[in-house]
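J.: Before anything else, here's the structure in question.
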Amino acid sequence: MNLDFSKIVPSMPFILQGIGVTLEYMLLSALFGLIWGVILSLFKISNNKILNGFAVFYTSIFRGTPLIVMLALIHFAVPQLTGYRIEPIQSGVITFALNAAAYISETIRGGIMSVDKGQREAALSLGVPYRKMMWDIILPQAIKNILPAMVNEGIALLKDTALVSTIGALDLLRRGNLVAAEKYIYFEPLLFVAVIYYAMVMILTGGAKLLERRLRRSD
Amino acid sequence: MINVQNLSKSFGKLDVLHNISVEVKKGEVVAIIGPSGSGKSTLLRCLNLLEVPTQGHVFIKGEEITAPKADTMKIRQEIGMVFQHFHLFPNMTVLENVAYAPINVKKIPKDQARQKALDLLARVGLADKADVYPSRLSGGQKQRVAIARSLAMEPEIMLFDEPTSALDPEMVKEVLEVMKSLAHTGITMAIVTHEMGFAREVADRILFLDGGRLVEDATPEEFFTQPKSERAKTFLEKML
């Protein structure tokens, strides 16, 4: 055991800059994933068999394949097919957003289904149109059920972004690896990276707890 | 006001209603009674199409609501419904619950709708609860808010689906009082209930259902003193 964290102190700013890169991947993927996920969840609860079947099949693909395979397919195989040289930020965000949407759609579908059927009947008996009913009555109640699961999705997404280090993006993990290779020490930079991920997840969890408490005010 | 012709309803292989025909005049208060599973609630729910009849026709104010191109949303605005389990919107205050549909469905100006909602809440004795969330109310209070919420749409018909069955005994009276006062306003009411005393006192007519069939259609006086069918007799013996 000869750990010496002082060796990586000069490299710490370089590694810390990776937080911004990791967050960029995460937030962009979360945004697009959420939008696409909401649309897919609406497909899943609709009575249209084609939309329904599509959304279910779509989800099964992302559930049934490792994320790193999808990332490699989009980053390395798409250029072969189209001749377009795709940047890591593009392929990364596309892959993570498509993947997150699959899981998010399932979470939202479950949240909507868990709202008491009577709420829908009460709204219908008042003549409230479908769109308004979903927006003003069903979704606000569903969000309370969805939120904890969504936080988990966010955490998973944050950690999954480490995969972009395999396609050359300068995220947290890749920076840690670069420092490790340069100085021939692995434990210190990688542990440092792990602690940063942990801290980010803890902050995310804390924020979600505050939000959840606010949402539960009407209980 | 309500005209039901040869109505049948089945869920898959389970036949719930058989060939029911009945007419309710404007301003009439009709109590629908019968044993559990006799199809009372299903009959009521067919009147605003929460259940779609398998066969037969339902006319509201002369208009066939079971016609394929009937405007379901429009019809439902004219028919209020009160549920056994209230189904207030938990994410809205009491006042917002009552004013929501007038504002969002009827497009009434907000101030006007809120004032109307306050008046209605006063009428059911809950003006002081306007700004609390439903979770803070007792069952009886919730049901009175639910009644106010339905009335806010100024329906000509009110449907009550076992409005007191989920309440503690001491809260039943406050809800029945509100319904009683409503019965005198000339609104048409159809009430599924197990409250025999209330049905006898308030209803103009009793519909007795058993096994999905309309067994008796009589005045309360006739029904409670000399029921025609054996089935109604044994039912009343158990209930009274």
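The values are calculated or read from the model by the stated rules, or taken from the named source; none is laboratory data. No experiment lies behind these values; they were computed from the predicted model shown. Ideal geometry is used to build each Cβ from the backbone, glycine not excepted, and the neighbour counts take in all protein chains shown.
J.: Which count do you get for residues in region B:31-41 that are touching a residue at least 24 places away in the same chain (Cβ under 8 Å) and more than 12 Å from residue B:162 (Cα to Cα)? It would help to see each step written out before you state the result.
T.: As a first pass, look at region B:31-41 and keep what is touching a residue at least 24 places away in the same chain (Cβ under 8 Å): B:31-35, B:38-41.
Now drop any that are not more than 12 Å from residue B:162 (Cα to Cα), which leaves B:35, B:38-39.
Total meeting the criteria: 3.
J.: Mind listing whichever residues of region B:58-78 are within 7 Å of another protein chain (Cβ to nearest Cβ) and either touching a Pro at 6+ places or on another chain (Cβ under 8 Å) or assigned to a strand (DSSP E or B) (or both)?
T.: Those that are within 7 Å of another protein chain (Cβ to nearest Cβ) and either touching a Pro at 6+ places or on another chain (Cβ under 8 Å) or assigned to a strand (DSSP E or B) (or both): B:73, B:77.
J.: I would also like to ask the following. Looking only at region B:41-57, count every residue that is over 12 Å from the mean Cα position of the chain (by Cα) and facing another protein chain (nearest Cβ under 8 Å) and tell me the total. Full working, then the answer.
T.: Residues of region B:41-57 that are over 12 Å from the mean Cα position of the chain (by Cα), as a first pass: B:49-57.
Pick out the ones that are also facing another protein chain (nearest Cβ under 8 Å) and you get B:50.
Within region B:41-57, residues that are over 12 Å from the mean Cα position of the chain (by Cα) and facing another protein chain (nearest Cβ under 8 Å) number 1.
J.: Evaluate the following for residue B:154: is it within 14 Å of another protein chain (Cβ to nearest Cβ), surrounded by fewer than 20 Cβ atoms within 10 Å (Cβ to Cβ) and not in a strand (DSSP E or B)? Give the steps one after another, and end with the answer.
T.: On the way: within 14 Å of another protein chain (Cβ to nearest Cβ): yes; surrounded by fewer than 20 Cβ atoms within 10 Å (Cβ to Cβ): yes; not in a strand (DSSP E or B): yes.
Considered against the rule, which asks whether it is within 14 Å of another protein chain (Cβ to nearest Cβ), surrounded by fewer than 20 Cβ atoms within 10 Å (Cβ to Cβ) and not in a strand (DSSP E or B), residue B:154 comes out as yes.
J.: Sticking with this one: Just name the residue that is nearest to residue A:141 (Cα to Cα) out of those in region B:122-147 that are among the aliphatic types (A, V, I, L, M), assigned to a helix (DSSP H, G or I) and over 19 Å from the mean Cα position of the chain (by Cα).
T.: Step one: of region B:122-147, the residues among the aliphatic types (A, V, I, L, M) are B:122, B:124, B:126-127, B:130, B:132, B:137, B:145-147.
Still in the list and also assigned to a helix (DSSP H, G or I): B:122, B:127, B:145-147.
Next, only the ones that are over 19 Å from the mean Cα position of the chain (by Cα) stay: B:122, B:127.
Working: B:122: 28, B:127: 26 Å.
Selected residue: B:127.
Listed here are the residues, each with its yes/no results for (1) under 23 Å from residue B:188 (Cα atoms); (2) among the aliphatic types (A, V, I, L, M).
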| position | (1), (2) |
| --- | --- |
| B:30 | yes, yes |
| B:43 | yes, yes |
| B:65 | yes, yes |
| B:71 | yes, no |
| B:76 | yes, no |
| B:108 | no, yes |
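J.: Based on what the data block shows, is residue B:192 of a type in the set (Val, Ile, Thr) and modelled with pLDDT of 95 or more?
T.: On the way: of a type in the set (Val, Ile, Thr): yes; modelled with pLDDT of 95 or more: yes.
It is true that residue B:192 is of a type in the set (Val, Ile, Thr) and modelled with pLDDT of 95 or more.
J.: Pick out, from region A:138-219, the helices (runs of 4 or more DSSP H) lying fully within it that include 2 or more residues that are within 14 Å of chain B (Cβ to nearest Cβ) and crowded, with 17+ Cβ neighbours inside 10 Å.
T.: Numbers: elements: A:139-160, A:172-183, A:187-215.
Filter on region A:138-219 gives A:139-160.
J.: Still on this structure: Hey, among A:214, A:174, which residue is at pLDDT below 90 and of a type in the set (D, E, K, R)?
T.: Working: A:174 fails: at pLDDT below 90.
Just a single option satisfies the conditions, and that option is A:214.
J.: Tell me, please, whether a residue that is surrounded by 16 or more Cβ atoms within 10 Å (Cβ to Cβ), free of Cβ contacts under 8 Å to residues at least 60 places away in the same chain and more than 14 Å from chain A (Cβ to nearest Cβ) can be found in region B:87-101.
T.: Going residue by residue through region B:87-101, those that are surrounded by 16 or more Cβ atoms within 10 Å (Cβ to Cβ) are B:87-101.
Cutting the leftovers down to free of Cβ contacts under 8 Å to residues at least 60 places away in the same chain gives us B:87, B:89-101.
Narrowing the set further to residues that are more than 14 Å from chain A (Cβ to nearest Cβ) leaves none.
No, every residue in region B:87-101 fails to be surrounded by 16 or more Cβ atoms within 10 Å (Cβ to Cβ), free of Cβ contacts under 8 Å to residues at least 60 places away in the same chain and more than 14 Å from chain A (Cβ to nearest Cβ).
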